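What follows is a single structure, written as structure tokens, with notes after it.
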Amino acid sequence: DAGVIQSPRHEVTEMGQEVTLRCKPISGHDYLFWYRQTMMRGLELLIYFNNNVPIDDSGMPEDRFSAKMPNASFSTLKIQPSEPRDSAVYFCASSLGLAGGQETQYFGPGTRLLVL
Amino acid sequence: GDSVTQMEGPVTLSEEAFLTINCTYTATGYPSLFWYVQYPGEGLQLLLKATKADDKGSNKGFEATYRKETTSFHLEKGSVQVSDSAVYFCALRGKGYSSASKIIFGSGTRLSIRP
């Protein structure tokens, strides 16, 4: 398997623009997670899905952020409008389950976002 | 709530030195404990884990023992290599239904190994 795939790897945009990050989880994994990593706040869980259904979005910072998972092989994280403080590395991860040896999360390479 | 505290970095060592990165946790019950590693420019990957008290996780020469009495899961390696330079994250996953959903990560410890 190719692992978790994220695109783009790098994104530079101007404040106010819409940004869409994409993720393809490992085939057969039922759980998908979106994280944000910054120097100041470390690694933060934004939202996670189980079988394409959002389960916990309490980490989504505000209404400018939205995430979807239209099918088992694709998810998006959208920021509209983007702000400079959204600059971070965004990771997608997937896992088979949440327990019983299936909880290991496999991370993608991340999308490095810079909002000017 | 559940939390993980790990030693602040950066940690700089010479090749073949002994490594310890401290990690302590606060959780209800007996969580599962993990160490993840992030190499430059990459995402996190699982290094080792332990799911119950006194378990020892090991991988690539790294070890960590689940110590319930001290609520700790310190990462150790007897002889580090330059290729071990990375950021190391201690993490836990709670056992309760409401807490099992999230893996809670520590702030990360950057390790640099000098040749």
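Every read-out reported here was derived from the displayed coordinates using simple, explicitly stated rules and does not represent laboratory data. Note that the structure is a prediction, hence the values are computed from the model and not measured. Note that each Cβ is placed from the backbone with ideal geometry, even for glycine, and that neighbours are counted across all protein chains shown.
Brief remarks follow.
- In this structure, the amide hydrogen of residue A:87, modeled 1.01 Å from its nitrogen in the peptide plane, lies closer than 5 angstrom to those of A:115, counting only residues at least 5 positions away or on a different chain.
- Computed from backbone phi, the HN-Hα couplings of region B:38-44 come to 10, 7, x, x, 10, x, 6 Hz, rounded to whole numbers (Karplus: 6.51 cos²θ - 1.76 cosθ + 1.60, θ = phi - 60°; Gly and Pro given as x).
- Theoretical FRET efficiency, 1/(1+(r/R0)^6), r = Cβ-Cβ of residue B:13 and residue B:45, R0 30 Å, to 0.05: 0.90
- Nitroxide proxy distance, nm - points 7 Å out along Cα→Cβ at residue A:71 and residue B:60: 3.5
- Tensor-based shape of region A:42-81 (alpha-carbon gyration tensor, a/c under 1.5 rounded, otherwise prolate or oblate): oblate
- Ignoring lysines fewer than eight residues from residue A:24 along the same chain, the ones with Cα atoms less than 29 angstrom from its Cα are A:68, A:78, B:49, B:60, B:95, B:102.
- Scaled to the globular estimate 2.2 N^0.38 Å, the Cα spread of the protein assembly as shown, given as radius of gyration, is 1.02.
- P(r) tail fraction, chain B - alpha-carbon pairs more than 18 Å apart, %: 46
- Looking at chain A, the DSSP beta bridges with both ends there are about 90 percent antiparallel.
- Using the Cβ of residue B:11 as centre and a radius below 12 Å, the other residues enclosed give a net charge of +1, where K and R count +1 and D and E count -1.
- Scattering curve values for region A:20-116, log₁₀ I(q)/I(0), Debye with Cα scatterers, q = 0.10, 0.15, 0.19, 0.23 Å⁻¹: -0.24, -0.55, -0.87, -1.24
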